[in-house]
């Protein structure tokens, strides 16, 4: 009889411990579901407040904007990875959240003309549709270019071509002396020297936040070239 009573006590203790662990697990799950509130300020290069800057969470646009004093308050999911802010006038800034609850932004000062417009949508890489405005060379002009650099000089606005060196303009200023990143048919290449102007279908210039998808390599902007394939040559 005494052994049975001891067994009952042990069983009751085990049940109690299991119930406590279950309740603790439920509380933890509830806490993990709670959104994280992030606050901070958005400033320009002169450390003045930026009003109306739009926020993106993991490259998805939100309805949150910075106030007249540059301050903002935004709620994000615990699973959110990055927070970005964009201003058509002062550029953009992006950072990893990493459980931070206070994040201040100082925008890069490069005018972001690729900000989303009403009715605009982003593609899977986070580039607004309005940013995709390739320069389509005119057929009559293609045969007059001796090389791809001469073609870019004649067909693409906002760039300065000197020999085989190219600089992309941002607002009223140019990037540093480094050449932009070259992408041909979606593939990053080291050189475009061998591209025949006759084979070019379109040339797209990516800058600001649109070039950010290429990371540090796109810091000087990106020139994306699409080549004509197969039967399209005859058109």
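The values are calculated or read from the model by the stated rules, or taken from the named source; none is laboratory data. Every value quoted in this text rests on a predicted model; they were computed, and no experiment measured them. Cβ coordinates were reconstructed from backbone atoms using ideal geometry, including for glycine residues, and neighbour counts include every protein chain displayed.
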Is it true that some residue in the stretch 141-154 is within 15 Å of residue 222 (Cβ to Cβ) and at pLDDT 85 or above? yes
Counting only residues in the stretch 87-125 that are crowded, with 17+ Cβ neighbours inside 10 Å and touching a helix residue (DSSP H, G or I) at 6+ places or on another chain (Cβ under 6 Å), the one modelled with the lowest pLDDT is identified as 114
Can you give me the number of residues within the stretch 39-57 that are surrounded by fewer than 18 Cβ atoms within 10 Å (Cβ to Cβ), touching a strand residue (DSSP E or B) at 6+ places or on another chain (Cβ under 9 Å) and modelled with pLDDT of 90 or more? 4
Selection from the stretch 77-86 of residues that are modelled with pLDDT of 90 or more and surrounded by 13 or more Cβ atoms within 10 Å (Cβ to Cβ): 82, 83, 84, 85, 86
Against the definition (in a loop (DSSP other than H, G, I, E, B) and modelled with pLDDT of 85 or more), how does residue 195 come out, yes or no? yes
Report yes if residue 231 is more than 16 Å from the chain's Cα centre (by Cα), within 17 Å of residue 150 (Cβ to Cβ) and at pLDDT below 90, otherwise no. no
Taking the residues in the stretch 172-183 that are in a loop (DSSP other than H, G, I, E, B) and buried (at least 16 other Cβ atoms within 10 Å of the Cβ) as candidates, determine which candidate is modelled with the lowest pLDDT. 175
Tally up the residues in the stretch 152-171 that are touching a strand residue (DSSP E or B) at 6+ places or on another chain (Cβ under 7 Å) and in a strand (DSSP E or B), please. 6
Neighbours by Cβ (under 6 Å, 6+ apart or cross-chain): first from the stretch 52-75, in contact (Cβ under 8 Å) with a residue 60 or more places away in the chain; second outside any strand (DSSP E or B): 59/126; 61/116
